[in-house]
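Take a look at the structure set out below.
The values are calculated or read from the model by the stated rules, or taken from the named source; none is laboratory data. Not measured: the values here are computed from a predicted model. Heads up, the Cβs are rebuilt from the backbone with ideal geometry, glycines too, and the neighbour counts pull from every protein chain shown.
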Amino acid sequence: MTLTAKLPRLDAWTRARRAVAAQYRSAFAGSPVLLVEEAELAYAVYHLAVIRVPDRYRVRQYLSSMGIQTGIHYPTPCHHHPPFRGLATTPLPVVDRAADEVLSLPMFPHMSDIQVERVCEAVLQSCGAMRSRLA
């Protein structure tokens, strides 16, 4: 099957991904978990569901133990790659911190509400476990 054969499904899949992102956003409201925001005047298709979370490696390990796959997309900021090192004339601490916190959650247009809830609960549990260890 060629990619053009999937074009008729694109709008429905985009709506479904946006619905999953809305569920993530709602579940994480008021928690230390931040879903990367959609830019003003943008219409994100949510190819990825990227969150920022403190202690990403612990959260990722916990999710893995629950059978939930995650990804770390672009863990190295551009200004650390050899071709671009000379372009950053000042430190970029916000970019460096973001690169240490981003984690991609499961995202596909056919995710069920139960699957989304399971991911959200596991993420929030991992953050609760982190808070109790730090207290």
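Worth pointing out:
- Taking segment 21-49 as the range and being in a loop (DSSP other than H, G, I, E, B), more than 11 Å from the chain's Cα centre (by Cα) and either surrounded by 10 or more Cβ atoms within 10 Å (Cβ to Cβ) or of a type outside the set (D, E, K, R) (or both) as the test, the residues that pass are Ala29, Gly30, Ser31, Pro32, Glu38, Ala39, Leu41, Ala42, Tyr43, Ala44, Val45.
- Test: residue in segment 82-94 that is out of contact with any Pro (no Cβ under 7 Å at 6 or more places or on another chain), polar (S, T, N, Q) and touching a residue at least 40 places away in the same chain (Cβ under 8 Å): no
- Flag for Ser126 being under 13 Å from the mean Cα position of the chain (by Cα), among the polar types (S, T, N, Q) and surrounded by 13 or more Cβ atoms within 10 Å (Cβ to Cβ): no
- Candidate set: segment 79-112, residues that are among the β-branched types (Val, Ile, Thr) and either crowded, with 17+ Cβ neighbours inside 10 Å or outside any loop (DSSP other than H, G, I, E, B) (or both); chosen: the one modelled with the highest pLDDT: Val102
- Look at (1) more than 17 Å from Pro109 (Cβ to Cβ); (2) in contact with a strand residue (DSSP E or B) (Cβ under 6 Å, 6 or more places away or on another chain) and you find that Ala49 fails only one, number (1).
- Leu35 vs. criteria farther than 28 Å from Ala19 by Cα and at pLDDT below 95: no
- Arg58 more than 23 Å from Ala122 (Cα to Cα), in a helix (DSSP H, G or I) and among the basic types (Lys, Arg): no
- Condition check for Thr76: exposed (fewer than 12 other Cβ atoms within 10 Å of the Cβ) and not acidic (Asp, Glu): yes
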